[in-house]
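Notes follow the structure.
Derivation of every value follows stated rules applied to the coordinates shown; laboratory data play no part. Model, not experiment: these values are computed from the prediction. Glycine also receives a Cβ, built like all others from the backbone with ideal geometry; neighbour counts cover every protein chain displayed.
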Amino acid sequence: MTDLVYNFTGRVTEIEQLLSKLFDSKKDKSTLAQLIGITGLGGIGKSTLARKCCYEFRDKLPDGNVIFINAQNHEVLRSQFLILGSQILGTTAKVETPGDLKHLVYNIYVWFGSKAKSSTLFVFDNAEDYDGPEGIEPFLPSGQI
């Protein structure tokens, strides 16, 4: 981890709240995914808080699998998933339709769920919207194609 995260102090309450939501023992463990948002004005340290949370509780994640994805806009997200797909799936196929994208996203989550044999935490950094034209919704695991 970078010195920025290592030297991060404070926000103990926020870190504890995030971790209790991520690792709540009362939740159904068969759930494919859960979505937790960190909101606030730009520049207040949301990304650093997420990194610190991942760092502090890396032992709760088997193999420490954390994937940070730049979710600035749809094109950046698409690019991030194309790169991830080429790195882990060895695919260089073009994603020309929403169906192609959905298939790629699905296969990436399947790979992390079965091939890696562990849980993986995906952090969508800089996300502004959930389901709008620039939203992250098409890039979340849906469980179906």
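Overview of values
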quantity	calculated
Length added when fully stretched, GLN17-THR39, from 0.36 nm per residue minus Cα-Cα	6.6 nm
GLU96/SER47 FRET efficiency (R0 35 Å; Cβ-Cβ; nearest 0.05)	0.65
